[in-house]
Amino acid sequence: MNKLGNKTVDIDAVERDVQGNILRSYSRHLVRHLMLEVTDARAARRFLGVAANSGSDAVPRITPGSDWGKDTPPSNFNIGLTYEGLKALGVSRRTLGTFPIEFAEGMTKRAMKLGDFGDSAPDKWPAPFDAPEKLHIVASIHADKEDELDRVEAQVAKAFTVRGARDGRGLGRGKVFFGYKDSISQPKFKWVKNPKQATVDEPLDPLGTILLGYPTSMEDMTFGVPQPDALGLNGSFNAFRVLAQASYEFEIYLDEAADFLLKHQDADKLLPPGAEKTVGKGLDRRAALREIVAAQMCGRWRNGTPYELSPDTMDPDPDVSLTNFDYTAQSRCPAGAHMRRANPRGGPIVQRIATYTRRLVRRGMSYGPDFDPETFDRKNPDKRERGLLGNFLGANLGAQFEAVMCDWLNVGLQSPDITGSNDPLLGANTPETSRFDLTLPKGGRITIRGFPRFVRVRGGAYTFLPSLTAIRYLSKL
């Protein structure tokens with residue numbers, strides 16, 4: 001038992017009630033996200049009732065958040081419900097009114113706040129995301145073998161109409177198509193044992209960061225719980241996003257930026273002559289400048305080393321922590337770097353909020369064909385779509401996901417140095433208006449411009465991730 005104010009929390013009971021992949025990640029090789037429509041509410045509720053208990057030969061069991069130890073199941077199955085999905089299952093108007101407005105409106109109606117316009121606008125999204133009123137459930141199957149994905153999908157299809165699917169896979173070495181090592185910094189929650197985070201040395205996050213019904217780090221405020229408690233308590237919200245990554249355009253822009261910097265009057269201030277040998281093994285001056293641009297845009301070198309702790313080399317000796325650092329007014333890491341914008345840590349920001357208050361749990365896998373930045377044909381690049389199937393989880397979509405996307409990534413309200421500019425990697429950029437300030441070692445900056453939008457939104461939905469108790473509640477409507 002753990003004390004939380006005047007309450008006692010049985011964390012083991014909480015973990016058994018919460019769906020899996022929220023407090024801990026699965027670390028599977030494959031995922032399949034099924035976009036489902038409820039066309040027979042009675043059959044759907046019956047399916048959920050069985051799935052929320054022990055499952056059966058015909059119905060997969062919904063995986064809880066408790067640690068299964070060495071008894072790894074062949075697959076994991078979880079669900080997220082849209083607002084329209086709750087309606088389709090028979091949730092009353094009164095109960096629906098207790099859910100937050102962001103969730104009720106849905107991702108498509110929140111598009112402008114998220115920066116989803118132009119090529120990322122919802123009217124450009126392919127099926128099944130072009131009909132949000134029929135997207136009721138996002139069901140996720142995680143496994144290590146494709147035939148297991150097929151087996152579970154066949155079970156699900158007997159109770160729901162499958163309107164579409166998106167398959168993802170791990171790329172190996174924890175990297176994404178832009179070449180960066182990803183998912184290094186994730187919230188670590190009080191009382192939750194997670195061997196994968198044993199060496200993470202960041203501050204602990206309260207349960208209220210991710211679960212409804214518990215205090216947050218925002219002055220101990222608790223986000224509103226949809227009512228009744230049997231439905232809302234121990235639930236969470238998810239912004240599911242299909243994010244196409246223009247990996248070849250990113251590499252080509254790094255070429256262009258390096259060529260620009262080679263001729264710049266302050267090039268030697270950014271990279272002193274001969275220092276390319278320090279940046280990385282085997283790099284010439286142009287290649288070193290490419291990696292400096294990539295590192296400053298992200299806030300990490302592509303191997304994961306934080307730029308803040310090692311601004312001169314991607315291979316520091318001795319090694320530095322991947323997570324234990326902060327930003328200051330004197331930081332070498334640019335204020336506009338993606339990692340710093342998305343998580344300012346304890347660094348100075350203009351807005352009156354405590355540090356570490358907009359933390360998001362990120363879960364995702366890549367989709368699309370392989371891409372090798374070192375060998376791709378620059379004159380005839382492979383333009384097949386590839387990217388990330390991303391899940392951005394938190395207890396409040398507005399205060400966490402939308403605030404990060406709008407205030408920090410696409411407006412830059414946290415610092416006057418970046419206000420009016422967009423995140424260089426995820427932002428809604430255009431070649432005509434984009435800009436990014438590279439920091440120089442001894443002060444000053446070089447501004448680079450002309451980069452396109454590297455990440456386009458190709459679909460998504462806001463979903464509610466109900467607890468096992470809540471799924472049983474829904475099954476009895």
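Here, each number is a calculation from the coordinates, and none is a lab measurement. Quick caveat, the model's predicted, so the values are computed rather than measured. Ideal geometry is used to build each Cβ from the backbone, glycine not excepted, and the neighbour counts take in all protein chains shown.
Which length gain, in nm to one decimal place, applies between Arg378 and Ala287 when the Cα-Cα distance is subtracted from 0.36 nm times their residue separation?
31.2 nm
For the range 217-335, what are Rg and Dmax over the alpha carbons, in angstrom?
For the range 217-335, the Cα-based Rg and Dmax read 20.5, 66 Å.
Glu133: net charge of surrounding residues, Cβ under 15 Å, Lys/Arg +1, Asp/Glu -1, itself excluded?
Once positives and negatives cancel, what remains is -1.
Have a look at the range 299-344 and give its Rg and Dmax from the Cα atoms, expressed in angstrom.
9.9, 28
Please report the orientation-averaged projected area of the range 66-222, defined via the convex hull of its C-alpha atoms, in nm².
12.9
Average projected area of the Cα convex hull of the range 43-123, in nm²?
So the Cα hull casts an average projection of 8.5 nm².
Would you please state the base-10 log of I(q)/I(0) at q = 0.17, 0.18 1/Å for the range 265-343, with intensities from the Debye formula using one equal scatterer on every alpha carbon?
With one equal scatterer per Cα and no solvent, log10 I(q)/I(0) is -0.63, -0.71.
Let me have the 222 nm mean residue ellipticity of the chain computed from DSSP H runs of 4+ only, each contributing -39500 (n - 2.57), with the sum over all residues rounded to the nearest 500.
Using -39500 (n - 2.57) per qualifying helix, the result is -5500 deg cm²/dmol.
Compute for the range 1-73: radius of gyration divided by Kirkwood radius, i.e. Rg/Rh, restricted to C-alpha atoms, rounded to two decimals.
Result for the range 1-73 is an Rg/Rh of 1.05.
Quick one: check the C-alpha center-to-center distance for the range 416-477 versus the range 295-337, whole angstrom.
With the range 416-477 and the range 295-337 each reduced to a Cα centre, they are spaced 19 Å.
Excluding Ala159 itself, what net charge comes from residues whose Cβ is under 13 Å from its Cβ, given Lys and Arg +1 and Asp and Glu -1?
Here the charged neighbours net out to +1.
What residue among Ala104, Val455, Ile141 has its Cα farthest toward the positive end of the dipole of the chain, where the charges are +1 on Lys, Arg and -1 on Asp, Glu, each on the Cβ?
My answer, from the dipole projection, is Ala104.
Based on alpha-carbon atoms only, what is the radius of gyration of the range 1-150 relative to the globular estimate 2.2 N^0.38 Å?
1.20
I'd like the FRET efficiency for Ala13 and Ala154, computed as 1/(1 + (r/R0)^6) with the beta carbon distance as r and R0 of 30 Å, rounded to 0.05.
Once rounded, the FRET efficiency stands at 0.35.
How large is the Kirkwood hydrodynamic radius of the chain, in angstrom, based on all distinct alpha carbon pairs?
Every distinct Cα pair counted, the radius reaches 23.3 Å.
With just the Cα atoms defining each centre, how far is the range 217-257 from the range 130-150? Give it in Å.
When both Cα centres are located, 18 Å separates them.
At a Cα cut-off below 19 Å, give the aspartates and glutamates reachable from Lys190, other chains included and same-chain residues fewer than 8 away excluded.
Asp10, Asp12, Glu15, Asp17, Asp67, Asp201, Glu202, Asp205, Glu219, Asp220
What distance in nm separates the two pseudo spin-label positions at Gln265 and Lys442, each 7 Å out from Cα along the beta-carbon direction?
Label at Gln265, label at Lys442, 1.6 nm between them.
Could you give the spread of the C-alpha atoms of the range 343-477 along their three principal axes, from largest to smallest, in whole angstroms?
If we take the Cα atoms of the range 343-477, the spans are 61, 45, 25 Å.
Please compute the modelled spin-label separation between Asp255 and Gln227, points set 7 Å along Cα→Cβ, answer in nm with one decimal.
So the two model labels end up 6.1 nm from each other.
Determine the sum of side-chain charges near Asp123: Lys and Arg each +1, Asp and Glu each -1, restricted to other residues whose C-beta is under 14 angstrom from that of Asp123.
+1
Ranked by Cβ crowding within 10 angstrom, fewest neighbours first, how are Tyr214, Tyr473 ordered?
Ascending Cβ contact count within 10 Å gives the list Tyr473, Tyr214.
Between Arg93 and Asp144, what is the label-to-label distance in nm when each label sits 7 Å out along the Cα-to-Cβ direction?
5.1
Grab every C-alpha pair in the range 418-464, bin the distances at 5 angstrom width from 0 up to the longest one, and report whole percents.
Bins of 5 Å from zero give 5, 19, 22, 18, 14, 10, 5, 4, 3, 0 percent of pairs.
May I ask you to sort Glu374, Glu37 by Cβ crowding, counting other Cβ atoms within 10 Å and putting the fewest first?
If I rank by nearby Cβ atoms, fewest first, I get Glu374, Glu37.
Please express the Cα-Cα pair-distance distribution P(r) of the range 283-404 as a list of whole percents, one per 10 Å bin, running from 0 to the bin with the greatest distance.
Answer for the range 283-404: a P(r) of 11, 32, 35, 19, 3 percent.
Between Ser54 and Lys277, what's the calculated FRET efficiency when r is the beta-carbon distance and R0 is 60 Å? Round to 0.05.
0.50
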